[in-house]
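The values are calculated or read from the model by the stated rules, or taken from the named source; none is laboratory data. These numbers were taken from a predicted model, which means no experiment stands behind them. With ideal geometry, Cβ positions are generated from the backbone for all residues, glycine too; neighbour counts draw on all protein chains shown.
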Amino acid sequence: MTRALVFSPDDDRCLELISAASVATGGGLDGVDLLLAGPAGEERLRTPSSTGVGRIVVAEWSDPTDAFSVDRALRAWIGRERPDYVLLTSDRIGRQVAGGLAQLLGGGASTEVVGLESAGGSLTVKRMVLGGKGIASEEVDTPAVLAIQPGRFPPAEASGTAGGAAEVVRLEDPGADHRVRIVERRPRERSGVRLEDAEVVVVAGRGFERREDLRLAFELAEALGGAVGATRPLVADLGWLPGSDWIGISGVRISPRLMVAVGVSGQMQFLAGALDSKVIVAVNKDPNAPIVGASDYAVVADLYEFLPALIEVLRGGR
Amino acid sequence: MSFDAVVVGAGPAGSAAALQMARRGMSVLLVERGERPGTKNVFGGRMYSWALEKLVPGFRGEAPLEREVTREVLGFLWRDSWVEFQVGRGERAAGQGYTLLRPRFDSWLAEVAEGEGVTLVSGIRVDAPVVEGGRVTGIAAGPDRIAAPVTILAEGALGLLAEAAGLRPPTRARDFAVGVKEVLELPEEKIEDRFGLSSGEGSAQLYLGDFTGGIPGGGFVYTNRDTISVGVTLRLGAYSAGEARARTWEVLERFKSHPRIASYLRGGRLVEYSAHSLPETQYGRVRAAGPGVAAVGDAAGLAANLGITVRGMDFALESGRLAAEAAASGDLLSYPRALREGPVGRTFERFGAAARFMENPRLYSSYPRVIVAAASRSFDVREEVRGEGLIGIARSELGAAGVSTVRALLDVLAAARSM
Amino acid sequence: MDVAALVKLALDVEGLRAEPGEAPRVDQAPTKVSEIDLNAVEEAVSIRERVGGSVTAFSVLNWGPLSRRMREAREAAKRVLAMGADRFVLVADEAAVGADTGFTAAALAAALRARGPFDLVLAGEGTEDSFGGLVPGRLAQELGWPYVPYADGVEVGGGGSVRVRRAVGDFEEVVEVDLPAVISVTQEINKPRIPTLMQILQAGKKPLEVLSLSDLGLPGPGAGRGVRVSSVVSPRVERRGVVIEAESPREAAERLVEELRRAGVI
């Protein structure tokens, strides 16, 4: 039987990975094991258990938000069971551990996976490459570590059979790697809603001339019920917004229902972080800006004239 | 670190100068501002090849040329109508030049220079020539100074270093025209079918017409291997640079949407666009050399801007080669004379009349209309035959355009004299 | 401290032409040093400036054709050396072109062992062309060293360890790691210096060593193991491409809102 191990720091994402794992293993969930880091009572076990996964591995001592402790738990299980596939979320934690685990298994690895296809005993992985300009199909041999982008698979649902059937296995702490020590840890400063979760995102770019003008972006976001993000220069070079809010291939990846890019030229590094937006609106003075070609609706206008008008129309003003 | 010569700018003029000096045994540093040669200059669609022939005789097999120009078209557009005069040459190797893409060509020529031992450094902006006691003794770039007995300025049209070296007067805004260009991708065979070319042949097409809205200037279409360059150049001295560019894009859109031009471009996919300041001719206003320094190419004002077309790559290559020969002979100051007495100088002597002719406002307003209307009336069979003939039609169209026949005849004479 | 910086010659994705449904023309696109790797080089050089030691850059050529890429690699090496690296080790071999991340890591490990010892390996957290972020982690495993990715800051203390400031998920962390270690950096960590003319000229005299796989005693990537790229296709971008032009901002705003309402987005 093909075996897979699934881990995500987020329990909801775990359900997506279980769906993905069922593709990798060729349909059945019997061979799919789920790793839960942290205390897991009956409440937490109920939903994953009802999906029909083979085993739920509980590493009570592990902290799902600490990549080093997650790595330790994964290694403990992988060293013992040597699964054919390890499925992770393609977030910073997943990408941190994927390479080392693949090398430990002596196998392949793919991150930023957007799709899986299984045919004739071989698995083809689709992943975004070349800054979003290409989708690569990669044939992956087992064993393999796959880090899957959030939202690419439907969450696994409760199977028809009686819930709570999964065997629960407790995983012992193998002891920390003392060469790495977290000496300080605190929650990140954020300016509001998590951009990753926002349904509507207004992105501010270099078209804004002064920091105080960002007010227009915030007002628009408020009128649309969304959050404000920015391109890299506004965050990294100008420091107009905190570090968690820049959108791009190495920053935050967003997938909102609507993205309004205001004064954003549309560099590849930015677009690659926003490709999954369902609808893209561009507001730009330059009709030749790359963002115009990458948008569903483009308004070629001066943002200083257009945004106030748009905000007013959205608020129903005359 | 010391060099016999420093060359600023790895465009055609700079690379030619560097290459030729290296061949003559000099150690040469070539400094380019762009990330690699060719990235800063995307203009130029056509090169007359006589000068390259002298510099790199075997260039045909090596240089990244797009197509050999065997067709020339001069067209007049008015409203939705047009007239095109096409000159075709049956024989190949007619020496009329090639279409090419500058990023590829420039980086090739710089590579040839490197092959001759030139040290090329890219991504560096030269701030100023170092002038000591009235003599240029090298260059300053950021914190660094490089001393060299010979400094060759091939920085391009703006010529700020040449100005600082005392070779040219301050640049005036009205000395520039604005050009915008788009490169559209189309399959090779489609280009050949559409322009009636056989493999490897190219067409260079220039247009005058009402699409400029009466502004002096024109449009061009050049065929590359699997792309078409289309653009307009305008003399917009009265406008600020930003405004001028905005206007020029508008004019380009009008040009591209003319039915004739649109028929060439249909289905083409935009792969590149660029806007550029084009130099007006400065020949005669620029000293080509001073103690320790010479200017070549556009920096020396060696562009012939005829409103609709800018000719300069051949002058650039030739001036670079001549400056190099002078530097190698130990007498840099002999370069201006060599330039003046050679093909470049001889061309510019005749250029003044042509340039004055191209300033004639009727060329951009009345005449395209007269030519198009007269030509189309000659083929119009709905009208009764009035027996007025072509001359008669032309006369009545001139009248409609508000140009007297005498005025028009004088213009024709001027054209004949200047071309 | 002897620092190794990993440098990838990544495909310049901005200059890449891609037609929906077709393979992007990777052979025509130039390569250049991946931007985040320049941050790694900058950090390595600034560590040497602070505490002394050496900086060696390592690169494995991953894109073909090799004939063309060698020229680009020499330019890239010149830039990295001009930034202050002391030497550049380039692994260039037809057999390594297109190899997967496991093989690239093995080749890097062999080159590091051959030209080491090193106290610290720095790399970018990902490359523009692939952004897999796998090689540094694989290399750490191969060398048996600890791995700390996403450094927004690196502080070199005494006593054989460094402190790394980084952000993961919803937390900011300071991690102390014993050397030798592999650390990946983000673009936030520094601003890569632009080399001066003199530095570029001097870079021409610094050692650039080109190694083949057999120089490293490595066989080519074995068959039937790892990851094989079977195709790369440009996605069809299904964007509507509606350009809204209007007489006044007000009118444009009304048209946009109407379009978005009709599309059910707001």
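Kindly establish whether A:LEU310 is touching a residue at least 60 places away in the same chain (Cβ under 8 Å), surrounded by fewer than 20 Cβ atoms within 10 Å (Cβ to Cβ), out of contact with any Cys (no Cβ under 9 Å at 6 or more places or on another chain) and at the interface with chain C (Cβ under 7 Å from one of its Cβ atoms). When the stated conditions are applied, A:LEU310 does not pass them. Quick one: would you say A:GLU117 is within 30 Å of C:VAL13 (Cα to Cα) and acidic (Asp, Glu)? The answer is yes for A:GLU117.
Tell me, yes or no, whether the range C:11-18 has at least one residue that is of a type outside the set (Asp, Glu) and touching a Ser or Thr at 6+ places or on another chain (Cβ under 7 Å). Looking through the range C:11-18, at least one residue is of a type outside the set (Asp, Glu) and touching a Ser or Thr at 6+ places or on another chain (Cβ under 7 Å). Please enumerate the residues belonging to the range C:180-207 that are out of contact with any strand residue (DSSP E or B) (no Cβ under 7 Å at 6 or more places or on another chain) and either more than 14 Å from chain B (Cβ to nearest Cβ) or closer than 30 Å to C:GLU142 by Cβ (or both). C:GLN187, C:ASN190, C:LYS191, C:PRO192, C:ALA203, listed by residue number.
For the condition more than 25 Å from B:ARG67 (Cβ to Cβ), within 14 Å of chain C (Cβ to nearest Cβ), crowded, with 23+ Cβ neighbours inside 10 Å and β-branched (Val, Ile, Thr), B:VAL118 qualifies.
Among the residues making up the range A:277-307, those that are surrounded by fewer than 21 Cβ atoms within 10 Å (Cβ to Cβ), more than 22 Å from C:GLY264 (Cα to Cα) and more than 7 Å from chain C (Cβ to nearest Cβ) are A:LYS285, A:ASP286, A:PRO287, A:ASN288, A:PRO290, A:ASP302, A:TYR304. Just to be sure before I move on: is A:VAL200 within 12 Å of chain C (Cβ to nearest Cβ), touching a Pro at 6+ places or on another chain (Cβ under 9 Å) and more than 30 Å from A:GLY108 (Cα to Cα) in the structure I sent? For A:VAL200, the condition - within 12 Å of chain C (Cβ to nearest Cβ), touching a Pro at 6+ places or on another chain (Cβ under 9 Å) and more than 30 Å from A:GLY108 (Cα to Cα) - is met.
Residue by residue, here is whether (1) under 22 Å from A:ARG75 (Cα atoms); (2) part of a helix (DSSP H, G or I); (3) over 19 Å from the mean Cα position of the chain (by Cα); (4) assigned by TED's automatic domain parsing to the domain that holds C:VAL60 holds:
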position	(1), (2), (3), (4)
C:ALA99	no, no, no, yes
C:GLY102	yes, yes, no, yes
C:LEU108	no, yes, no, yes
C:ARG113	no, yes, yes, yes
C:LEU122	no, no, no, yes
C:ALA140	yes, yes, no, yes
C:ASP152	no, no, no, yes
C:GLU155	no, no, yes, yes
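In the range B:1-59, the qualifying residues are those that are in a loop (DSSP other than H, G, I, E, B) and of a type in the set (Asp, Glu), and the one that is farthest from B:GLY320 (Cα to Cα) is B:GLU35. Cβ separations smaller than 8 Å between residues 6+ apart or across chains give no pair from the range A:135-149 residues that are outside the structural domain of A:ASP84 (by TED's automatic domain parsing) to residues that are in a strand (DSSP E or B).
If you go through the range B:134-180 one residue at a time, how many are surrounded by 22 or more Cβ atoms within 10 Å (Cβ to Cβ), over 22 Å from B:GLY320 (Cβ atoms) and modelled with pLDDT of 85 or more? Residues in the range B:134-180 being surrounded by 22 or more Cβ atoms within 10 Å (Cβ to Cβ), over 22 Å from B:GLY320 (Cβ atoms) and modelled with pLDDT of 85 or more: 0 in total. Considering only residues of the range A:102-122 that are over 23 Å from A:LEU74 (Cα atoms) and among the hydroxyl-bearing types (Ser, Thr, Tyr), which is farthest from the other protein chains (Cβ to nearest Cβ)? Applying the filter and picking the extreme gives A:SER118.
Take the residues in the range C:25-76 that are basic (Lys, Arg) and touching an Asp or Glu at 6+ places or on another chain (Cβ under 9 Å); name whichever of them is farthest from the other protein chains (Cβ to nearest Cβ). Taking the candidates together, the pick is C:ARG48. A:ALA261 meets the conditions (1) more than 27 Å from A:GLY132 (Cα to Cα); (2) under 29 Å from the mean Cα position of the chain (by Cα) in every case but one. The failed one is (1). Across the range A:105-122, the number of residues qualifying as out of contact with any helix residue (DSSP H, G or I) (no Cβ under 6 Å at 6 or more places or on another chain) and at pLDDT 85 or above comes to 10. For residues in the range A:66-100 being aliphatic (A, V, I, L, M) and within 8 Å of chain C (Cβ to nearest Cβ), which is farthest from C:VAL168 (Cα to Cα)? Among those that are aliphatic (A, V, I, L, M) and within 8 Å of chain C (Cβ to nearest Cβ), it is A:ALA98. Of the residues C:GLY157, C:GLY132, C:GLY153, which single one is facing chain A (nearest Cβ under 8 Å) and either of a type outside the set (Lys, Arg) or touching a strand residue (DSSP E or B) at 6+ places or on another chain (Cβ under 7 Å) (or both)? Only one candidate passes the filter, namely C:GLY132. For the range C:79-95, a residue qualifies if it is part of a helix (DSSP H, G or I) and either crowded, with 23+ Cβ neighbours inside 10 Å or touching an Asp or Glu at 6+ places or on another chain (Cβ under 9 Å) (or both), and the qualifying residues are C:ARG79, C:VAL80, C:LEU81, C:ALA82, C:MET83.
Filter the range C:160-178 for residues that are outside any strand (DSSP E or B) and either facing chain A (nearest Cβ under 7 Å) or modelled with pLDDT of 95 or more (or both) and give the result. Of everything in the range C:160-178, those that are outside any strand (DSSP E or B) and either facing chain A (nearest Cβ under 7 Å) or modelled with pLDDT of 95 or more (or both) turn out to be C:GLY169, C:ASP170. Among the residues of the range A:241-252 satisfying the criterion of being at pLDDT below 85 and touching a strand residue (DSSP E or B) at 6+ places or on another chain (Cβ under 8 Å), which is nearest to A:GLN149 (Cα to Cα)? Per the stated criteria, the residue is A:VAL252. The residues of the range A:128-185 that are farther than 22 Å from A:THR2 by Cβ, within 14 Å of another protein chain (Cβ to nearest Cβ) and of a type in the set (A, V, I, L, M), listed by number, are A:MET128, A:VAL129, A:LEU130, A:ILE135, A:ALA136, A:ALA176, A:VAL180, A:ILE182, A:VAL183.
Scanning the range A:260-276 for residues that are in contact (Cβ under 8 Å) with a residue 40 or more places away in the chain, more than 10 Å from chain C (Cβ to nearest Cβ) and part of a loop (DSSP other than H, G, I, E, B) gives A:GLY263, A:VAL264, A:SER265, A:ALA274, A:ASP276.
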